[in-house]
Amino acid sequence: MFKRIALLSTITSLALAAGASLAFAADKTLVVWDFKSTDPLVKPYFDFVKETFEKAHPGVVIKQIAQPADSYYTVLGTAINAKQGPDVALLHGGNQALDRADAFVPLKDEVADVVPKLAGLPAFLRSDGAYVALPLTVQGAVYYMNKEVLREAGLDADMVPQTWEDFTAVCEAIKSKTKASCLTIGNKDGVDFINVIAAIAEGTWSKETRAKFIAHDLSWTSDDMRAVFQTMQTMIDKGWLEKGANSYSPYTDAVNIFAGARTGLILGLISDAPNSWKNVEDLAGSGEVGVAMPVAIGQTPEQKPNRLEVDGGIGFGITSWSQNKDLAVDYIKTAVSPEAAAVLMETAGGLPSNEAVDVSTIDSPAAKEIIRLLNCCTDDKRIKSYYGVAERRELQRLGQLLLTGDTTVDQVLQSLESVRQAEIARAK
Amino acid sequence: MRNERVVAYLFVLPALGLFLVFRFFPLVAGSVYAFTDWNGIADARWIGLANFRELIFDPVFRDTMRNTAWVILSLPIWVGLPLLLAVFIHLGVPGAPFFRAAYFFPIVLSSIIIGTMFSIIMRFDGSLNQLFILLGLEPVDWLGDQRFALISVVSVAIWAHFGMNVLIFLSGLSAVPPEIIDAARVDGANLWQVIFRIIIPMLRPIVEFVAVITMITVVTSMFGLIYIMTGGGPGTATYMPEFLIWLMQGESNRLGYAAAMSIVLFAFVGCIGVVQIRMMRREWE
Amino acid sequence: MRLAQKRSERIGLWLVSAFMLILAASTIYPIFFTISTALKSTREFIRHGFSIPTAPTFEKFVTAWTTIKLDAYFMNSAIVTVIGVTLVLLVSSLAGYALAQMRFRFRKAIYFFLLSGLMIPVQVVMVPLFRIIVELGMLNSRVGLGILYGAFFSPFGIYLTSSYFASIPRELSEAAKVDGASYWQIYRLIMLPLARPVLITLGILTTLSCWNDVLLSLLVLQDDRTLMVGIASLRGEYGADIPLVAACVVIGAAPVIAIFLIFQKKILGGIMVGSVKG
């Protein structure tokens with residue numbers, strides 16, 4: 001009988017050992033983590049990079065792992081903590097990358113040859129002048145306008161609102177003459193509210209105020225900040241917003257409402273997302289989608305530096321514990337190369353950070369307008385990317401309550417300021 | 001008898017080993033971080049009780065505990081509703097065999113699947129509100145209004161689990177001798193008296209059993225649904241402690257603070273556990 | 001059963017039945033909704049989200065199976081589930097038998113210690129747990145994930161089996177011992193056959209838990225995927241293609257629904273004795 005039990009425990013330990021040995025199967029494998037390669041639109045891009053890289057490096061295999069997007073940074077966190085897992089990881093620009101800078105190789109000399117060709121780098125710039133990651137796309141936010149709704153409201157379908165007064169006129173016309181709402185915020189996780197606030201701030205703030213905010217020096221209870229939230233409150237009070245915002249996802253539900261002509265405007269992305277021009281036009285019809293920059297508020301369009309905020313949307317970084325750093329550098333160079341970026345542009349509407357890509361081949365009217373704006377009017381930091389992580393989360397929560405009328409601007413700002421103060425205190 | 005003792009330990013050993021390594025040890029090891037400012041990347045610094053001090057004044061954490069309390073208070077529905085349903089199925093209410101089959105479906109679906117389905121159905125322009133409009137009722141923002149969000153998520157959670165409890169009660173009911181019911185009817189008891197005075201009291205041990213496993217379900221399994229359906233919102237209306245811990249570990253890189261929360265949560269759950277263990281102990285003797 | 005004798009009772013029962021019908025509709029509707037969504041094209045879903053598909057297409061199922069590699073994920077899920085369920089059944093039946101039928105020191109202490117494990121949410125111990133997974137070389141190992149399932153789901157199994165074994169008179173094993181049977185023989189030849197119903201129940205419930213698990217699988221199989229993690233990651237950063245997600249959901253749920261329908265009656269038996277006797 002004891003023999004039997006001994007046998008049992010042997011089997012158990014054998015199973016454990018088998019588990020251990022399975023973990024080291026292939027020899028030269030480069031592991032790449034991302035949060036979107038299962039998306040059928042984006043998959044061709046990752047396949048292309050894998051193929052190109054493997055052809056150039058015989059004997060090396062790319063293992064592409066798509067982590068669930070909503071758990072991405074938690075799973076990446078466990079990997080960072082155990083120094084196990086990916087060699088290369090896809091990151092969002094701004095604080096989401098910069099907060100994890102120490103877990104990634106500072107990229108400088110090894111990428112000096114490609115850096116001059118890339119736009120959107122400031123989103124990944126460390127304080128020491130090196131980069132956490134190299135950007136693949138440029139990203140920014142514009143208002144997409146449904147021309148069907150504009151026409152129905154008796155407006156010129158090709159009009160582009162420049163100022164708050166224009167915006168007010170559009171919304172009032174839509175509100176009074178159609179069944180549609182003016183703007184739909186897909187605020188299910190609270191992020192779209194943050195984006196709209198950033199768009200309002202973009203139109204309201206001077207360059208100095210912006211710089212102050214990005215440096216984390218702008219108080220939430222300052223007049224500049226209050227003005228932004230008052231504008232938001234005005235939009236809520238005037239009834240311009242689609243009801244039920246907190247139950248809609250920005251990427252599917254809001255776009256569907258837009259495509260179904262139930263709302264005039266959405267604040268969408270300019271690149272590689274379901275709420276960017278490609279998908280929006282596919283659903284609403286080519287030529288039926290107008291593009292507007294965030295409007296100037298409390299200043300003339302001439303005073304507002306005529307700009308579209310654009311930075312590196314997503315980019316590839318190399319983990320500090322990677323055993324294959326040289327290969328990893330080659331991989332990210334392949335990934336941001338003009339050839340690869342062109343594939344992303346083609347299939348997913350990703351606007352490449354690599355300026356060598358020929359974007360003139362795109363024939364979408366909305367994209368043409370975005371590219372015109374990119375060429376004339378860009379600014380290389382987005383307010384949206386520089387909320388402190390704790391403030392960002394607090395704003396995700398409070399924004400939802402502001403939309404439903406369950407809190408006030410004053411309460412929101414005070415609460416956010418105390419979170420900012422706590423963050424500053426902890427940093428010391 | 002010495003032999004019996006050795007064999008008993010050997011039989012318990014695999015269970016104990018797995019438990020110690022994968023459940024108990026992580027809990028103990030993790031709690032050390034609660035006294036540090038560890039961010040998962042740099043070395044941890046010892047900061048004493050600072051995390052716990054912060055916790056006391058953290059309004060979000062307070063809200064998570066409030067929500068947990070509300071969810072636990074819903075326990076009677078988790079147990080009572082399936083109990084009544086099972087009794088009626090057992091008594092052969094019209095359509096009983098059909099209900100018996102239909103109620104089992106949700107059990108097999110994962111919270112990802114259930115959450116995805118219901119966030120589409122319950123969004124503001126979803127089919128639930130379309131039904132409301134059809135009935136001439138005012139549509140409700142089920143997931144986006146802080147007065148309804150928690151109720152909505154808990155309702156979906158109950159929906160996801162009630163079939164299991166119906167099943168357990170049904171099996172318990174099959175052990176209730178029909179003669180007792182018949183005798184009561186002969187004595188002039190009406191249907192409701194039979195249900196509430198005779199059948200349900202007889203099911204007492206099963207009610208306790210269900211209460212125990214449901215409590216475990218409630219405490220450990222709300223995360224998935226909340227994650228997908230509301231992401232904790234609106235505001236903090238559906239924040240649960242596990243969810244906040246998850247955020248602190250992941251997006252905020254505050255593993256020390258997350259560990260402090262884990263300790264408090266475990267103490268809280270432990271208190272509930274003591275009450276439950278008393279119930280189980282009665283069963284055990 | 002001669003249920004309702006009075007008229008008022010009959011009306012009451014019909015009302016109850018009506019309520020139960022609504023509840024039943026609520027359990028069936030989402031499944032109907034998911035299947036009908038999976039049969040739509042993306043465009044049709046966006047334009048007519050809640051109607052019946054006008055031009056049903058299996059295109060999304062094909063995409064799910066081939067492009068998304070759901071077939072490989074399916075195999076992974078099957079493997080880890082089999083390992084996990086086997087381990088849970090073995091570990092719980094051994095421990096349950098010992099805890100319920102044998103007498104030894106710390107018996108109760110061990111019992112309650114093990115049960116306390118039921119109350120720890122996984123999220124709470126994630127980071128230290130991940131370290132242990134790495135140290136033991138279980139990262140990216142399907143066997144490792146199966147073992148983890150064994151650890152996480154066996155406390156419930158112990159609760160279920162021990163209360164079941166406690167209902168079996170100790171005289172039975174005493175008599176077997178007098179006849180010269182070893183403890184292992186008693187376990188193997190008497191206890192396991194007697195415990196068949198509860199083991200089937202436990203097996204099915206554990207199958208559901210393993211098959212539907214996301215979090216543990218996410219931690220352990222980082223280079224590979226199980227079905228539920230595959231579905232979760234398909235929701236993607238932006239999760240635009242709802243019909244595709246729906247098709248994956250149908251594929252993911254089909255096996256467990258099938259198992260459940262086949263074993264429905266047997267689940268009843270196991271829980272019955274397990275709970276009544278306590």
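Using +1 on the beta carbon of Lys and Arg, -1 on that of Asp and Glu, and nothing else charged, what's the dipole of chain C about the Cα centre, debye to 20?
Magnitude of the dipole: close to 980 debye.
How large is log10 of I(q)/I(0) for region A:218-367 at q = 0.14, 0.21 Å⁻¹ when the intensity is taken from the Debye formula with one equal scatterer per alpha-carbon?
-0.93, -1.32
I'd like to compare B:193-204, C:122-133: which one has the highest average count of other Cβ atoms within 10 Å, and what's the full order after that? Intermediate values should be presented prior to the final figure.
Details: B:193-204: 15.3, C:122-133: 23.5.
Averaged packing, sorted descending, gives the order C:122-133, B:193-204.
Quick check on the exposure proxy: order B:ILE226, A:ILE65 from fewest to most C-beta atoms within 10 angstrom.
Neighbour counts put them in this order, fewest first: A:ILE65, B:ILE226.
Compute the long axis of helix C:242-277 from its Cα atoms, compare it with the longest principal axis of the Cα atoms of chain C, and write down the angle in degrees, 0 to 90, nearest 10.
30
So what J values fall out for region C:173-179 if you push phi through Karplus, 6.51 cos²θ - 1.76 cosθ + 1.60 with θ = phi - 60°, rounded to Hz, Gly and Pro as x?
Each residue's phi maps through the Karplus curve to give 6, 4, 4, 4, 5, 4, 6 Hz.
Is there a simple number for the mean count of other chain Cβ atoms within 10 Å of the Cβ of residues in B:29-41, and what is it?
Numbers: counts 6, 7, 2, 1, 2, 0, 0, 0, 1, 2, 7, 11, 11.
Counting other chains' Cβ atoms within 10 Å and averaging over B:29-41 gives 4.
What is the Cα convex hull volume of region B:178-274 when expressed per residue in Å³? Walk me through the numbers before you get to the answer.
Details: hull volume 13.4 nm³, N = 97.
Given the Cα convex hull of region B:178-274, per-residue volume reads 138 Å³.
Name the long-range amide H neighbours of A:THR319: under 5 Å, sequence gap of 5 or more, or other chain; modelled H, no Pro or chain starts.
Close amide H contacts, sequence-distant or interchain: A:VAL88, A:ALA89, A:VAL105.
Describe numerically, in nm with one decimal, the distance between label points set 7 Å from Cα along Cα→Cβ at B:ARG5 and at C:ILE22.
6.2
Over its Cα atoms, what ratio of radius of gyration to 2.2 N^0.38 Å does chain A give? Provide the component values of the computation, followed by the final result.
Details: Rg = 23.7 Å, N = 428, 2.2 N^0.38 = 22.0 Å.
Relative to the rule-of-thumb radius for its length, chain A sits at 1.08.
Placing +1 on the Cβ of each Lys and Arg and -1 on the Cβ of each Asp and Glu in region C:7-59, which of C:PHE58, C:TRP14, C:THR37 has its Cα farthest towards the positive end of the resulting dipole?
My answer, from the dipole projection, is C:TRP14.
Report ³J(HN,Hα) in whole Hz for each residue of region B:237-246, in order, from the Karplus equation J = 6.51 cos²θ - 1.76 cosθ + 1.60 where θ = phi - 60°; Gly and Pro get x.
My calculation for region B:237-246 gives 4, 10, 5, 10, x, 4, 5, 5, 4, 4 Hz in order.
How long are the semi-axes of the ellipsoid equivalent to the protein assembly as shown, from square roots of 5 times the Cα gyration tensor eigenvalues, in whole Å, largest first? Let's see the in-between values first.
On the way: eigenvalues 513, 239, 132 Å².
Output for the protein assembly as shown: semi-axes of 51, 35, 26 Å.
Report ³J(HN,Hα) in whole Hz for each residue of region C:72-84, in order, from the Karplus equation J = 6.51 cos²θ - 1.76 cosθ + 1.60 where θ = phi - 60°; Gly and Pro get x.
5, 4, 4, 4, 4, 4, 4, 5, 5, 5, 4, 4, x
Relative to the longest principal axis of chain B, what angle (0 to 90°, nearest 10) does the C-alpha long axis of helix B:111-121 take?
70
Roughly how big is chain B's charge dipole about its Cα centre, with Cβ charges of +1 (Lys, Arg) and -1 (Asp, Glu), in debye to the nearest 20?
Around 580 debye, computed over chain B.
What pairs in A:LYS147/C:LYS60; A:LYS147/A:LYS238; A:LYS108/A:LYS368; A:LYS117/A:LYS207 have C-alpha atoms more than 29 Å from each other? Before the final figure, lay out each step's value.
Values: A:LYS147/C:LYS60 31 Å; A:LYS147/A:LYS238 22 Å; A:LYS108/A:LYS368 33 Å; A:LYS117/A:LYS207 26 Å.
Distance filter (> 29 Å) returns A:LYS147/C:LYS60; A:LYS108/A:LYS368.
Taking the beta-carbon count within 10 Å as an exposure proxy, list A:TYR143, B:TYR9 from fewest neighbours to most.
Taking fewest neighbouring Cβ atoms as first place, the list is B:TYR9, A:TYR143.
Among A:ALA133, A:VAL343, A:ALA201, pick out the residue whose Cα is farthest towards the positive end of the charge dipole of chain A, where Lys and Arg carry +1 and Asp and Glu carry -1 on C-beta, about the Cα centre.
Checked the options; the winner is A:ALA133.
In nanometres, what is the gap between the two model label sites at A:LYS28 and A:THR234, each 7 Å from Cα along Cα-to-Cβ?
Distance between label points: 6.2 nm.
With all distinct Cα pairs included, what does the Kirkwood hydrodynamic radius of region C:7-59 come out to in Å, to one decimal, could you say?
For region C:7-59, the Kirkwood estimate is 13.2 Å.
Would you tell me the mean number of C-beta atoms belonging to other protein chains that fall within 10 Å of each C-beta in B:59-65, as a whole number?
Per residue, the average neighbour count from other chains is 1.
For the protein assembly as shown, with only Lys/Arg (+1) and Asp/Glu (-1) charged at the beta-carbon, what is the dipole magnitude about the Cα centre, in debye rounded to 20? Each step should come with its number before you reach the end.
Numbers: 83 positive and 85 negative charges, 899 e Å.
Taking the Cα centre of the protein assembly as shown as origin, the dipole is about 4320 debye.
So for each of C:177-183, B:214-220, A:370-376, A:49-55 I average, over its residues, the number of other beta carbons within 10 Å; can you give me the resulting order with the highest mean first?
Top of the packing list down: B:214-220, A:49-55, A:370-376, C:177-183.
Going by how many other beta carbons lie within 10 Å of each one, how would you line up B:PHE124, C:PHE260, fewest first?
Working: B:PHE124 22, C:PHE260 18.
Least crowded to most crowded, the residues run C:PHE260, B:PHE124.
Just counting partner chain Cβ atoms within 10 Å, what average do the residues of peptide C:89-98 show around their Cβ? Intermediate values should be presented prior to the final figure.
Values: counts 0, 5, 10, 2, 2, 9, 9, 3, 3, 9.
Going residue by residue through C:89-98 and averaging, the value is 5.
Values in this text are rule-based calculations from the coordinates and carry no lab data. Since we're looking at a predicted model, the values are computed, not measured. With ideal geometry, Cβ positions are generated from the backbone for all residues, glycine too; neighbour counts draw on all protein chains shown.
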